[in-house]
Structures are given as C-alpha cells and as structure tokens.
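Rule-based calculations on the coordinates, nothing more; no lab input. Note that the coordinates shown come from a computational prediction; the quantities given were computed from them, not determined experimentally. Positions of Cβ are generated from backbone atoms using ideal geometry, with glycine treated the same way; all protein chains shown enter the neighbour counts.
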C-alpha cells in the first residue's frame, strides 16, 4: 500500500503504536482501531512489534521502517523486548498511560501540526520502572486508564482528551531528579548495555525486578506487599534496591545484613523467609528463572555464613552441606546440652556479647569455627554435684576433691553469671584412672577410702593423695562397686604413712602415771597455771591435745612435791608424814590452795629427821 496523502512526522523515541494513533487522527478517524480496519492495517501486529505490520505502517506513514521499528516493543512467546533489551513478560504499561505533563504541554505548542496529533507517546514511558522525566525533572503521572478496550493503545486520542487538564496535572506533579536506577535503565534503552558490573551482566528485566524487590523490603520491611505500593513508594524502593544491587555481592549482602539486624530486635520466628520476606519469597517461590541463580547463590552464601542453618536443611530447594553458624538453640541440640546451661557457660566464657544477653536462643549466634572446640568441651561437662554422682563419691567428697584440687573445672562457677562449676567428664575419667592405676582385683582387709581414712585417723583426701602419688603398695578394687568407692586400701599401711612426727610432749595421762597424780590434780595444776602446758597435735589421731614438756615437768618436780609422792618416796604413811611436817611447822604452799592435793616447796621440807 502506498503512503497516505496525510501523514505525521515520526519522532525519535516514539512508539509505533503512538505513531499509528496520530496517523489515524490526522486522517479523520477518532479511534486507531477503526482506522486500521479502513486501511487493512494489522494493528495487533503493530502492538506486538511484528515486522510485517510495522513495515505496512511505515509505508502508510511515509517514514523509515528502521526508524519506526527501533522503538517498537516486540512481544514473542509472551516475552517483550525493547531496543534489544529483554523486559520479561507483561512488563510494559499498556492499559495505564503514563506521561510527563510538561512534555505533553510542550508537544501541544507545536503549531505546525493539528492539535489532536501534536502529543506523542514516548516508548520509555511504557517501562514501569521509569517514573521520572529526565528532561523536565519531574515525575511521570497517569493520564489515562481506559475501561473501553477499543481505546487501548490509542495514545493520541487519550492524550488529546486530557489536553485541557494538563496544566493542573503538571502543577500537581512532583519535581525530582531521576534516580540512579532510572538512569541505568534509561541509558541501556537508549545506548545499549555497557560496562562490566554485576547488573550489566543481567538482562534488563532482571535488573528491574531485583532492584524493586530488594528495595521494597529494605524500605518497607520484609512483610511488604509490592502490589500495595504506590508509584512514589516504588520509585523509592527501586532506587534503594538498585544502589545495593549495583555494588554486587557486597552490596546485596550488606542489605541483607541490615534486614537481619532489624530482625534480631524482635521475638518472632527466624529463618530466611522471616528475615528477608518478600525478597526471599520472590526468589524461592515466585519464579524459577535461572537468570536469578547468581542472586540466589549470593543469598545462599549469606544465609549459610550468617545464620544457624546446617546439613539437613535447604535453601531454595538446595540442601545445605556444611554448617558455618550456630545459634544457642542449634548448638544445644547438636551437643545435647540444655540451652539455659549452655547460655550460662558461654556467658561465663565471655563468648556471648552484651547485646545478645536478652535475645532468644535462636538469635544468639556464633561462628562454628570459633566455638566448635569449646562446645565439644562444654558438652562433656557436669556440675559439681553431678560430677560426684558420676564418680560415685558420697557427699561431701565431691566438694572435698574439688577443694583439694584433684578435680578441676573448665569453667569456674560461683559467679553472678554461672552458679555451678563445669567439670569435664573426661577429666573425671582420668582422675579415676590415676586413682586405680596400681590396683589389683582383690585386697584382703581392704577398705574404701572414707572408711580407711577413719581407721587411720586421717582425711580421705590424704588417702587420695597417697594413691595419686603411688605411695600405697596395697590397693584393690571392689568389683561390686564403681568409681571412687570401688577403690580399696589397707588402713594400717595408710596409718603408717600419715602418722605425724611426735611432738615430744607428755600427755596428761602420762603425767598422771609418772607423778602419781589424779586426773583432777593434773587438771587443777594446769588450769591454775601452776604446771606449764602447751597444745600439740596428736601424731596418730591428728587431734589437738594438751601436753606437758619433759623439761617443764622436771622443773616443777624440782621445786614442788605432793604429800602423797613425798610419803611414797620416804616409805611412810602420808598421815604420819603430814603430822611430822606440821610438828616442824612446815605448811603446804598456799599457791596450791585450789588443787585437790597438798603440795610443798621442796626447799621448805628439808631433810627427814634421823
């Protein structure tokens, strides 16, 4: 078909649909679909960007087919491309007509054309993420949303119907600078793909969806519903998401980290979906497009390296093969420890940060590499009471063993953070092994450590010390018992080894026998400080006892003598001796008035009469 007698100029960046709509208006048809029927134009083919339909329209409009097709949106198998950039499926704004009111007002000032054909549709206005006019630095606004399907794609008719409203629309529109996101998309459509950055390697539709989905959760939280966001919210979300995604893996992971920090302040369920919300759901469930696999890889690495997820769990349907992060909850499960005790042990170790103190178990995290060895150690620990039960040591022997240093904690208790000590089971096993190193199966007359200690008048810990130092030759094992109480020792051998050096003093009983004094007399002499006494430890029973040194007793005996002892020495009856002394005027020493015996100074007695 030859060119029509009435044509309109084709603008650079104009959509073929807009050009056809203006051509229809120029030729007296109010609706482009009626015009297409008149001239037998495949208008659906023009909308779809089919070459034959575009060629027919170019001939009718007397314009360059290549110029007309350069801004055609090409739809093939439900995929749309513009300027060689793949935009995905059903991504162009077709029913809702967006435009820059300042651009349209400028179009209407072109008096070389009839008013109804002056406004023309820019192809970039159909791209949903482009919401700002670069020329007039203002937002694009919706100028039409026809319910009548016959007006669909009829840009000239729709724009002209709003001509009288454009001044008011223009005044109400927001003035703003295009975001870096919009600039990237605009430049790729005008000049093609360039650069080597992370986003430059992705098709344009992936850049657009990634930026908006990531930015939406960054801006409005993980529970956001993108379909509920208005154009201005989407403009903000796209800009934020693009700023992070354009930095590649580091930028995306920084954004994910920020979302995690917000999550840690809450109390809800944890997990990638809970933390990353719509963004994770979009990657996991809303599409299977392999073009996003590298994004999924980034998210997977981030989750594995920052969250308590391990073998047996999946991310995007992929099984996790290695654990990098433990939570208190996951560690307690893997190592078989109660999370409350584990929390206290790690806090005592200084491995729980102050900011984690009030967080739930699944929100307290540790790198596996940093804590695995310590967790393995702590998982093998018992409290002191349970350690005693494990050793089969009766109370309070577990405390005696601990105080004596024979069992050691790996984490010391008795603090505000940790009340109970933590003692390794392996260390307890080693203690029992050392305790029984020289034992044989049977030992006649052998007694358990506590019983033998009583017989030997020593402490059980002294017996333990002898065993650990290999100083006992006779050690047995009671096959019907276990652990601490199964060890048998010879009490006589123990007694010989624990007997202390003799203190050198005379017991009060010995003093009684040597001096022929009664118990009452000895006690009175000591209590009245007439006979010097000291306190010493009995070498056998370890008990403190009062003793008299040999020198003190001799010194006393040199100065004083009792009536009974003097009578015995002179081989006379004490009554006769007393009468003799009275007759000579010798009286008992008054210092001994409170002693139930008569004591004389030897100097006063003199020699017996001949």
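Some points to look at:
- Within the stretch 335-356, the set of residues being in a helix (DSSP H, G or I) and out of contact with any helix residue (DSSP H, G or I) (no Cβ under 8 Å at 6 or more places or on another chain) comprises 340, 341, 344, 347, 348, 354, 355.
- Checklist (1) within 18 Å of residue 113 (Cβ to Cβ); (2) in contact (Cβ under 8 Å) with a residue 12 or more places away in the chain applied to residue 46, failing item: (1)
- Scanning the stretch 302-311 for residues that are more than 14 Å from the chain's Cα centre (by Cα) and under 21 Å from residue 363 (Cβ atoms) yields 302, 310.
- Residue in the stretch 170-188 that is out of contact with any helix residue (DSSP H, G or I) (no Cβ under 9 Å at 6 or more places or on another chain), farther than 23 Å from residue 209 by Cβ and not in a loop (DSSP other than H, G, I, E, B) present: yes
- Unmet requirement for residue 443, which otherwise passes all of (1) touching a strand residue (DSSP E or B) at 6+ places or on another chain (Cβ under 9 Å); (2) assigned to a loop (DSSP other than H, G, I, E, B); (3) surrounded by 19 or more Cβ atoms within 10 Å (Cβ to Cβ): (3)
- Being farther than 18 Å from residue 91 by Cα, over 35 Å from the mean Cα position of the chain (by Cα) and surrounded by fewer than 21 Cβ atoms within 10 Å (Cβ to Cβ) holds for only one residue in 195, 221, 248, and it is 195.
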